[in-house]
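Participant: Next up is a structure, given as structure tokens.
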Amino acid sequence: MVEALPYWWEAAPPPTPPQRALARRCDVVIIGAGYTGLSAGLTLARAGRSVQIFDRQRPGEGASTRNGGIASGNLRPSYKQMQRKFGGARALALLAEAKAAREELAAFIERENIDCDFRRAGRFTGAAKPSEYEGLAREADHLRETLGIEAHAVSKAEQRGVLGTDFYHGGLLRDDIGGLHPAKFFAGLFRAAGTAGAMVHGETAVLSFAAKGRGFAVETARGTVEAEHVIVATNGYTDAVDPWLRRRLVPVRSRIIATAPLSNNLMAELMPKGVMCAETRKLHYYYRPSPDGTRILFGGRDGSIAGDPTWPTQHLRRALADIFPVLEGVAITHSWWGHVAMNRDMIPRIFSRDQLRYAVGYCGSGVVWARWAGQKAAWQILDDDRARSALDFRPPPAIPLYNGTTWFLPAVYTWLGLRDRIGRYRTSP
Ligand SMILES: Cc1cc2nc3c(=O)[nH]c(=O)nc-3n(C[C@H](O)[C@H](O)[C@H](O)COP(=O)(O)OP(=O)(O)OC[C@H]3O[C@@H](n4cnc5c(N)ncnc54)[C@H](O)[C@@H]3O)c2cc1C
């Protein structure tokens, strides 16, 4: 039997705080109690604001306790693509902010004394094609020269010293990225926000919100609350409460499988440096060792529509064995999924609309970005100088012919998968 709940929940299940009476008025209502909402709530509560955070599920039950725990602060477009689209200054500012956000996450974990197995283990990005190795080597030079990030190319001949596979044509190893236990990290954030005075109302959906006087009336499943400010922090779980946002964010199912414990020798052969892993394929996979170094956690897209876990689990198992043939037939103990939120230009965002504040759209890299963006949104409300951010620009554009039903995803997956297969066919001997 493969367990359908996240592996992470064995050590840190989402909390079930007792249902407290709602305060009828507060300074700020936050919709969504994941990393974004709690980080915003923590910042506001510490600044003396009254805050209520609502989640229709248990706090953290969205992506924040389900993810791979790779603390990358990734930006999906390359520097060149961002430069073309937003100009050189913003492209550089985004890269610099990603670096600051990664460093600040590590400092935050230490400052708040959060026990979440955080380790800056490094990240290897494998080149799926020989030509992509050249691109990764140039990226390493760029990261070193412009941002002072320790990054270097790893040739195919050196690859097994980093990752026990011949699947890739070399890759990029950077030292500034690490991994953590996402649900333990969430538990630490939840504790800190509560201690600071933020009220977190789990299993209490926000049903609607509307401008009222100088603020908002927010209707929830347990009554109406008035607040001066509202922050929307619903990311991949955005529902009909905000149809405007729904047209701008595409929820994409991501699934992770956990292998049964592997022997020390095998883990040392497959993951000798314990690094986080990514790759250049269009439909890429992400993977890592479990924090205790005994298993491999392997993630990728889940193209199922009805949610049947059987074939997406088998698909991930096959993809894992493509990279590590020795794992053909390995036992899988857990297989679970959650929603990541993509947007049209694939840049995480903080923005305002009609006095509502939004922090959303992390494109699968919210471990670093969500906490950072939530804090920035809070600083905007507090009129704090630290609120400035390269993520703060126009809202992501609406997606044509889209209102929340992802009818186009199967076609997108087929197209991207085909391009990956053609790329591999052309480069295979
Ligand atoms: C399988 C998977 C693997 C991932 N791996 C990584 C990784 O390795 N590294 C990385 O950086 N990122 C990863 N991510 C992405 C990362 O988890 C997210 O970007 C991050 O958790 C987003 O946090 P959030 O607080 O914005 O949203 P969430 O944690 O998703 O929280 C949003 C909350 O809003 C609530 N909500 C929605 N509508 C309402 C409403 N009307 N009323 C009340 N509440 C509402 C939902 O219930 C939900 O709990 C992964 C995600 C998934 C699913």
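Participant: I'd like to verify a number: residues in region 343-353 that are open to solvent by 30 Å² or more (accessible area, probe 1.4 Å) and either part of a strand (DSSP E or B) or small (Gly, Ala, Ser) (or both), how many?
Facilitator: 2
Participant: Tally time: how many residues in region 236-263 are in a helix (DSSP H, G or I) and open to solvent by less than 40 Å² (accessible area, probe 1.4 Å)?
Facilitator: Residues that pass the stated criteria total 2.
Participant: Which members of region 189-198 meet the condition of being more than 12 Å from Gly60 (Cβ to Cβ) and touching a helix residue (DSSP H, G or I) at 6+ places or on another chain (Cβ under 8 Å)?
Facilitator: Across region 189-198, the qualifying residues are Ala192, Ala196, Gly197, Ala198.
Participant: Here is a follow-up. Could you tell me which of the residues Pro410, Pro396 is more than 12 Å from the ligand (Cβ to nearest atom), assigned to a loop (DSSP other than H, G, I, E, B) and over 16 Å from the mean Cα position of the chain (by Cα)?
Facilitator: Criteria check complete, one pass: Pro396.
Participant: Which condition number in (1) modelled with pLDDT under 95; (2) farther than 19 Å from His339 by Cβ; (3) not β-branched (Val, Ile, Thr) is the one that Leu416 fails?
Facilitator: Failing condition for Leu416: (2).
Participant: Search region 304-318 for residues being out of contact with any Ser or Thr (no Cβ under 8 Å at 6 or more places or on another chain) and in contact (Cβ under 8 Å) with a residue 60 or more places away in the chain, and hand back the single one that is nearest to Met1 (Cα to Cα).
Facilitator: Within region 304-318, the match that is nearest to Met1 (Cα to Cα) is Arg317.
Participant: Within region 264-287, which residues are of a type in the set (A, V, I, L, M) and part of a loop (DSSP other than H, G, I, E, B)?
Facilitator: Answer for region 264-287, where residues must be of a type in the set (A, V, I, L, M) and part of a loop (DSSP other than H, G, I, E, B): Met271, Val275, Leu283.
Participant: Being modelled with pLDDT of 80 or more and not hydrophobic (A, V, I, L, M, F, W, C) is true for just one of Arg421, Arg394. Which residue is that?
Facilitator: Arg394
Participant: Still on this model: Please go through region 251-274 and give me each residue that is within 13 Å of the ligand (Cβ to nearest atom) and within 23 Å of Leu75 (Cα to Cα), ordered by number.
Facilitator: Those that are within 13 Å of the ligand (Cβ to nearest atom) and within 23 Å of Leu75 (Cα to Cα): Pro251, Val252, Arg253, Ser254, Arg255, Ile256.
So that you can scan it fast, the table gives a plain yes or no per residue for (1) in contact with a helix residue (DSSP H, G or I) (Cβ under 7 Å, 6 or more places away or on another chain); (2) under 23 Å from Leu105 (Cα atoms):
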residue: Leu173; (1), (2): no, yes
residue: Gly178; (1), (2): no, yes
residue: Ala187; (1), (2): no, yes
residue: Val200; (1), (2): yes, yes
residue: Tyr237; (1), (2): no, no
residue: Arg246; (1), (2): no, no
residue: Ile257; (1), (2): yes, no
residue: Asn264; (1), (2): no, no
residue: Leu270; (1), (2): no, no
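Participant: Only residues that are open to solvent by 10 Å² or more (accessible area, probe 1.4 Å) and within 15 Å of the ligand (Cβ to nearest atom): list them for region 18-30, please.
Facilitator: Selection gives Gln19, Leu22.
Participant: Could you grab me the full set of residues in region 100-118 that are within 26 Å of Ser389 (Cα to Cα), under 17 Å from the mean Cα position of the chain (by Cα) and not in a helix (DSSP H, G or I)?
Facilitator: Within region 100-118, Phe118 is the sole residue that qualifies.
Participant: While we're looking at this one, here's another question. Being open to solvent by 40 Å² or more (accessible area, probe 1.4 Å) and not hydrophobic (A, V, I, L, M, F, W, C) narrows it down to one residue among Asp420, Asp383; which is it?
Facilitator: Exactly one residue qualifies, and that residue is Asp383.
Participant: Looking at Arg357, Arg371, which one is among the charged types (D, E, K, R), within 14 Å of the ligand (Cβ to nearest atom), open to solvent by less than 40 Å² (accessible area, probe 1.4 Å) and not in a loop (DSSP other than H, G, I, E, B)?
Facilitator: The conditions single out Arg371.
Participant: Looking at region 35-86, which of its residues are more than 18 Å from Ala390 (Cα to Cα), aliphatic (A, V, I, L, M) and more than 6 Å from the ligand (Cβ to nearest atom)?
Facilitator: Passing the criteria: Leu38, Leu42, Leu44, Ala45, Ala47, Val51, Ile53, Ala71.
Participant: Now for a separate question. Among the numbered criteria (1) open to solvent by 40 Å² or more (accessible area, probe 1.4 Å); (2) touching a residue at least 60 places away in the same chain (Cβ under 8 Å), which single criterion is violated by Ile332?
Facilitator: Among (1) open to solvent by 40 Å² or more (accessible area, probe 1.4 Å); (2) touching a residue at least 60 places away in the same chain (Cβ under 8 Å), Ile332 violates only (1).
Residue-by-condition table, conditions (1) more than 10 Å from the ligand (Cβ to nearest atom); (2) surrounded by 22 or more Cβ atoms within 10 Å (Cβ to Cβ); (3) under 30 Å from Ala47 (Cβ atoms):
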residue: Ala157; (1), (2), (3): yes, no, no
residue: Arg191; (1), (2), (3): yes, no, yes
residue: Met199; (1), (2), (3): yes, no, yes
residue: Ala205; (1), (2), (3): no, no, yes
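Participant: To continue, here is another question. Given the conditions (1) at pLDDT 95 or above; (2) open to solvent by 60 Å² or more (accessible area, probe 1.4 Å); (3) in a loop (DSSP other than H, G, I, E, B); (4) of a type in the set (Phe, Trp, Tyr), which single one is not true for Tyr362?
Facilitator: Going through (1) at pLDDT 95 or above; (2) open to solvent by 60 Å² or more (accessible area, probe 1.4 Å); (3) in a loop (DSSP other than H, G, I, E, B); (4) of a type in the set (Phe, Trp, Tyr) one by one, Tyr362 breaks only (2).
The values are calculated or read from the model by the stated rules, or taken from the named source; none is laboratory data. A quick note: this is a predicted structure, and the numbers were derived from the prediction, not measured. For neighbour counting, all protein chains shown are included, and Cβ atoms are generated from backbone atoms with ideal geometry for every residue, glycine included. Surface areas here come from the heavy atoms of the whole protein model, side chains and all, with no ligands, DNA or RNA. Shrake-Rupley method; radii C 1.70, N 1.55, O 1.52, S 1.80 Å.
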